[in-house]
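**Student:** What follows is a single structure, and I will ask about it in a moment.
The values are calculated or read from the model by the stated rules, or taken from the named source; none is laboratory data. Keep in mind that this is a model prediction, so the values were computed, not measured. Glycine gets a Cβ as well: all are built from the backbone with ideal geometry, and neighbour counts include every protein chain shown. The area values use the complete protein model at the heavy-atom level, side chains included, leaving out ligands, DNA and RNA. Shrake-Rupley method; radii C 1.70, N 1.55, O 1.52, S 1.80 Å.
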Amino acid sequence: MAEAQNIPVGSTTAGSIAVAAESTVATRMSAPPSFDVADFPIPHGREEEWRFTPLARLRGLHDGTAVANGSMKAQIDAPEGVTVESVERDDARIGTAGAPVDRIAAQAFTSFAKATVVTVPKEAVLTEPVRVSLHGEGGTTFGHTVFDVQAFAEAVIVIDHTGDGVRAANVEFLVGDGAKLTVVSVQDWDDTAVHCSQHNALVGRDATFKSVVVTFGGDVVRLHPRVSYAGPGGEAELFGLYFTDAGQHQEHRLLVTHDAPHCKSNVVYKGALQGQDAHAVWIGDVLIEKSAEGTDTYEMNRNLVLTDGARVDSVPNLEIETGEIVGAGHASATGRFDDEQLFYLQARGIPADDARRLVVRGFFAELVQQIGVADIEERLLAKIETELQASV
């Protein structure tokens, strides 16, 4: 597997590639979660949680001027035994996994008409994925979805975003005791779309949660994956893959809160960037509370910059409030192609463009294998090929 070259923390490389890698205490400085929009002031871009986001391109999602005037075509294909309900906002399952952490998420919670609840019953083992297809047809939409995977059930959920529009949504994953859930969220929007979403996962006792976030399309995509634990022994893996093209802003802000003992988490996000003003932001926060003895956690972000004019901001954060842990660490690196790898391939008769594609495919190989859904993996690899050919 090909890796990007390491660049010293806080450095700026030549060729108009801006890189930031920091370690700061952030989670305790953010506004407390709330379902009330009024609890979040309108951001101005100077706030820690908004300093990387191009507010002017959010189409009013951040300041309350966006109204629900669009259309979203939704289709859910679920195996037998899975129930799909449309419920009112007073349903007891809504908000169980966590409250909104910024103004956009609170606006989405306030603005949705009805929520969708997808339930995988206790001890059910699904042999086919639950597939959720969301296709934007223009305008602004808000949404709220709850996936309730009950005790000892096993499921794979694929959420596929395509089309155009402005979308703000909250998604909750309730992973029951002993359950196993894999979620694949694909952002393959048209180039003019805006998508902001908070993903809250509540992992039960001895449960396993795996998230794979794939981001390609959109003008602005800003995602908040968050994990907390409802009991000891839970495990969470958060994987991410993004390909940021000219003019795109893709931002992934993660938080894993270890608030139960003897739990594990592993975070690996990788991105490739090309084109003028391509901007990727990765914020990785891990909080280990005093009650979380025996925690084992690690987070890593790697970025491969393919052309001049791209910018990466990578900020890993780790807060530890107890000394009784198994292990904790983080890493961040950004760089260009490894010249030695390219030379090795070209010396064996592989043309430069083909060698370049092989290096990028190798860079992403580890994460593609985590998807586990054959048609999504094939589509992803084809998309990478298309993006690379466009830059040749």
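**Student:** In whole percent, what relative contact order does the chain give with Cα contacts below 8 Å and a gap of six or more residues?
**Tutor:** The normalised contact order for the chain reaches 15 percent.
**Student:** Return the long-range amide H neighbours of Phe239 (sequence gap of 5 or more, or a different chain), with a cut-off of under 5 Å between placed amide H atoms.
**Tutor:** Under 5 Å from the amide H of Phe239 lie the amide H atoms of Ser211, Val212, Val213, Val268, each far enough along the sequence or on another chain.
**Student:** Still on this structure, please answer the following. Within the chain, what percent of beta bridges assigned by DSSP are antiparallel, to the nearest 5?
**Tutor:** Antiparallel bridges: around 10 percent, rounded to the nearest 5.
**Student:** What are the lysines whose alpha-carbon lies under 26 Å from the alpha-carbon of Lys264, with same-chain residues fewer than 8 places away excluded?
**Tutor:** Lys264 reaches Lys122, Lys180, Lys210, Lys290.
**Student:** Calculated FRET efficiency, Leu381 and Ala113, Cβ-Cβ r, R0 41 Å, to nearest 0.05?
**Tutor:** Rounded to the nearest 0.05, the efficiency is 0.65.
**Student:** Counting only protein heavy atoms, what percent of the accessible surface of the stretch 222-364 is carbon or sulfur at a 1.4 Å probe?
**Tutor:** 48 percent
**Student:** Amide H to amide H under 5 Å from Asp285: which residues, 5+ apart in sequence or cross-chain, H placed 1.01 Å off N in plane?
**Tutor:** Here the answer is Leu254, Leu255, Val256, Asn317, since their amide H atoms fall under 5 Å of that of Asp285.
**Student:** Continuing with this model, one more query. Over the chain, with a Gaussian network built from C-alpha contacts below 10 Å, which listed residue (Asp63, Asp285, Asp354) shows the highest mean-square fluctuation?
**Tutor:** Among Asp63, Asp285, Asp354, the largest GNM mean-square fluctuation belongs to Asp354.
**Student:** Step through the residues of the stretch 218-234 one at a time and calculate ³J(HN,Hα) from phi using the Karplus curve (6.51 cos²θ - 1.76 cosθ + 1.60, θ = phi - 60°), rounding each to whole Hz and writing x for Gly and Pro.
**Tutor:** x, 6, 10, 10, 9, 10, 10, x, 9, 9, 9, 10, 9, x, x, x, x
**Student:** By how many nm would the segment from Thr65 to Ala365 grow when fully extended, if each residue of separation counts as 0.36 nm and the alpha-carbon distance is taken off?
**Tutor:** Stretched out fully, the Thr65 to Ala365 stretch lengthens by 103.9 nm.
**Student:** Run the quick spin-label model on Arg57 and Glu137: label points 7 Å from Cα toward the beta carbon, then report their separation in nm to one decimal.
**Tutor:** Taking the two extended label points, one gets 2.8 nm.
**Student:** A further question on this structure: Please enumerate, by chain and number, the lysines with C-alpha under 18 Å from the C-alpha of Lys383, excluding those fewer than 8 residues away in the same chain.
**Tutor:** Filter leaves Lys270.
**Student:** Karplus couplings for the stretch 184-190 from phi (6.51 cos²θ - 1.76 cosθ + 1.60, θ = phi - 60°), rounded to Hz, Gly and Pro as x?
**Tutor:** Per-residue couplings from phi come out as 10, 10, 10, 9, 10, 5, 5 Hz.
**Student:** Before I look further, what does the stretch 205-334 give for accessible area per residue, probe 1.4 Å, in whole square angstrom?
**Tutor:** 26 Å²
**Student:** So, one more: Taking amide H positions as placed in the peptide plane 1.01 Å from N, state which residues far from Gly217 in sequence (5 or more) or on other chains have amide H under 5 Å from it.
**Tutor:** Asp188, Trp189
**Student:** OK, next. Pick out which of Tyr298, Tyr229, Tyr242 has the largest mean-square fluctuation in a Gaussian network model of the chain, springs linking Cα atoms closer than 10 Å.
**Tutor:** Of Tyr298, Tyr229, Tyr242, the Gaussian network model singles out Tyr298 as fluctuating most.
**Student:** What are the trypsin sites (Lys or Arg not before Pro) within the stretch 348-389 that DSSP puts in a loop, where the Cβ has at most 15 other Cβ atoms within 10 Å?
**Tutor:** Arg348
**Student:** Which length gain, in nm to one decimal place, applies between Ala74 and Asp191 when the Cα-Cα distance is subtracted from 0.36 nm times their residue separation?
**Tutor:** Here the segment from Ala74 to Asp191 would lengthen by 40.1 nm.
**Student:** May I pose another question? Residue by residue through the stretch 160-173, what is 3J(HN,Hα) from phi via Karplus (6.51 cos²θ - 1.76 cosθ + 1.60, θ = phi - 60°)? Round to whole Hz and write x for glycine and proline.
**Tutor:** With the stated coefficients, the stretch 160-173 comes to 10, 10, 9, x, 10, x, 10, 10, 10, 8, 10, 10, 10, 10 Hz.
**Student:** Here's a follow-up. Mind checking the per residue accessible area of the stretch 59-198 for me, 1.4 Å probe, whole number of Å²?
**Tutor:** I get 39 Å² per residue for the stretch 59-198.
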